[in-house]
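What follows is calculated from the coordinates using simple rules that are stated; it is not laboratory data. Everything numeric in this text was worked out from a predicted model, so none of it was measured. Positions of Cβ are backbone-derived with ideal geometry, glycine not excepted, and every protein chain shown enters the neighbour counts.
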Amino acid sequence: MSLSQIARSLKASPTLKLNEKAAILREKGDPVIHLGGGEPKSRAPIDAIMAAVNNMNTGEVRYTPADGILSLKKAVIRYTEEFYNRRVAPENVIVSGGAKQSILCALMAILNPQEEVIYPAPYWVSYPEMAKMIGAIGVAALPEDGTFYPRLQDIEQRVGSYTKAVIINSPNNPSGAMYSEEFISDIVGYCEKKDLYLIMDDIYHRLIFDGRKPINVFNYTKDLSEKSKIIVVNGISKMYAMTGFRIGWAVGNKKIIEAMTNIQGHQTSGPSVVLQLAAVGALNGIQSGVENLRVTLENNRNVMIDQLRSFEGVKVTKPDGTFYCLADFSVYDKSSNKLSEYLIDKVQVLTVPGAEFGMEGYLRLSYCGTIKDITEGIERMKWALDPNSPNELYIGDRKLVRDWV
Ligand SMILES: Cc1ncc(COP(=O)(O)O)c(C=O)c1O
């Protein structure tokens with residue numbers, strides 16, 4: 001069968017593949033612990049559910065404008081005022097099928113084939129594949145100092161005549177690193193000087209720890225006019241635990257939003273009205289769920305870090321936010337794919353190989369599950385990897401025997 005070059009060049013999303021794998025193993029009755037997940041386990045806000053149900057009950061579920069319904073745009077405008085201290089118009093907002101679609105539409109609206117978009121490494125798995133999908137080139141900028149915190153020079157070095165845009169995701173999936181205000185200020189100034197688009201993927205901006213406050217990119221720009229090339233992307237998936245609702249949005253200048261709307265209009269049209277109304281419910285409703293989730297995640301982060309710090313040979317950087325931790329397991333295996341497979345096979349613990357995020361030798365571990373998942377998962381990993389661990393491990397009444405070393 002002949003497939004397009006683009007189709008052949010794309011990899012399946014490793015995180016979505018892992019979710020499928022976990023479901024298959026669980027169906028077989030395997031006691032899987034999923035430390036690879038990318039979604040909080042709390043319930044969607046009741047205001048979101050009620051709004052969706054009320055709409056469904058009318059029996060009239062119709063198309064919406066390609067860029068989203070006005071009531072959701074208004075909720076996004078209010079959100080932008082609250083968290084970014086910026087007043088925008090409905091024409092500055094597009095609502096998409098998840099932040100993922102907003103980012104893809106933005107890249108399609110900005111990049112010609114062969115043009116480049118730069119993002120710091122480690123990076124979200126979809127950035128390179130999205131660039132490939134439109135014939136453009138994704139360029140990863142690994143911080144030279146070996147940390148998860150890029151400096152302007154790391155980006156600057158990769159900028160050339162083909163560079164059109166930079167994507168910044170902070171706090172970051174997969175490292176949990178929240179970049180400094182100094183870096184955000186530097187990158188805003190630099191992109192403005194070089195006339196580059198700056199896409200701020202802020203999907204985790206409120207899931208931050210240790211008393212930090214979300215960073216507002218607009219505090220560092222000199223240009224708040226319609227010429228601004230800053231695009232802020234956000235959504236309900238992570239902070240409202242509404243991953244399956246598939247609603248995200250972008251805020252940018254009217255021209256770019258119009259271009260993104262044209263693209264989205266021919267792709268999917270506007271997202272489902274039911275889910276857009278659910279998003280209105282979430283954004284305008286009771287907000288305590290976001291803070292509860294944040295507190296739970298901070299506690300989970302602390303537990304995971306304690307567990308990992310007592311893991312012989314593993315190097316870990318404390319995440320500042322999100323629900324991920326990217327730990328260096330290279331002492332056990334230089335190939336993160338092999339190590340991740342090994343952990344699934346031997347102890348049914350799912351982790352995401354760091355290679356998928358541009359960090360070979362690392363594993364991404366999620367702490368969005370329960371404390372029991374975190375402690376038991378890491379316990380099992382220690383047992384599988386540490387040659388000095390006892391010969392047997394009980395998972396419930398199932399006995400595992402180390403017959404491989
Ligand atoms: C960094 C980052 N950006 C965007 C997204 C997409 O979020 P959504 O569910 O809104 O499409 C994710 C989801 O995992 C993510 O980790």
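What to note about this one:
- Estimated inter-spin distance, residue 41 and residue 394, nm [label 7 Å along Cα→Cβ]: 2.2
- Considering only alpha-carbon pairs that sit under 8 angstrom and 6 or more positions apart, the relative contact order computed for the chain is 23 percent.
- With Cα atoms, 0 to 90° folded angle of helix 254-267 axis to the chain main axis: 60
- 10 Å binning of all Cα-Cα separations within the stretch 32-72, expressed as whole percents from 0 upward: 20, 35, 27, 16, 2
- Within a Gaussian network of the chain (alpha carbon springs, distance under 10 Å), most fluctuating of 376, 192, 20: 20
- Magnitude of the charge dipole for the chain, about its Cα centre and with charges confined to Cβ atoms of Lys, Arg (+1) and Asp, Glu (-1), is about 640 debye.
- Residue among 361, 369, 146 with the largest mean-square fluctuation in a Gaussian network model of the chain, springs linking Cα atoms under 10 Å: 146
- Pairwise FRET efficiency - residue 195 versus residue 78, Cβ, R0 = 25 Å, nearest 0.05: 0.25
- Among 97, 285, 29, residue whose mean-square fluctuation peaks in a GNM of the chain (springs only between Cα atoms under 10 Å): 29
- Once the Cα-Cα distance is subtracted from the 0.36 nm per residue extended length, the residue 12 to residue 30 segment shows a gain of 4.1 nm.
- Within the chain, helix-based [θ] at 222 nm, where runs of 4 or more DSSP H residues each add -39,500 (n - 2.57), nearest 500: -12500 deg cm²/dmol
- The stretch 46-284: antiparallel DSSP beta bridges as a percent of all, rounded to 5: 30
- Each residue of the stretch 47-59 was assigned a 3J(HN,Hα) from its phi angle through the Karplus curve 6.51 cos²θ - 1.76 cosθ + 1.60 (θ = phi - 60°); the sequence is 4, 5, 5, 4, 4, 5, 5, 4, 5, 4, 5, 6, x Hz, with glycine and proline shown as x.
- Rounded to the nearest 10 degrees, the inclination of helix 181-194 to the longest alpha-carbon principal axis of the chain is 50 degrees.
- Fraction of beta bridges assigned by DSSP in the chain that are antiparallel (%, nearest 5): 55
- Among the listed pairs 11/229; 164/227; 346/399; 41/318; 74/238, those beyond 18 Å (Cα-Cα): 11/229; 41/318; 74/238
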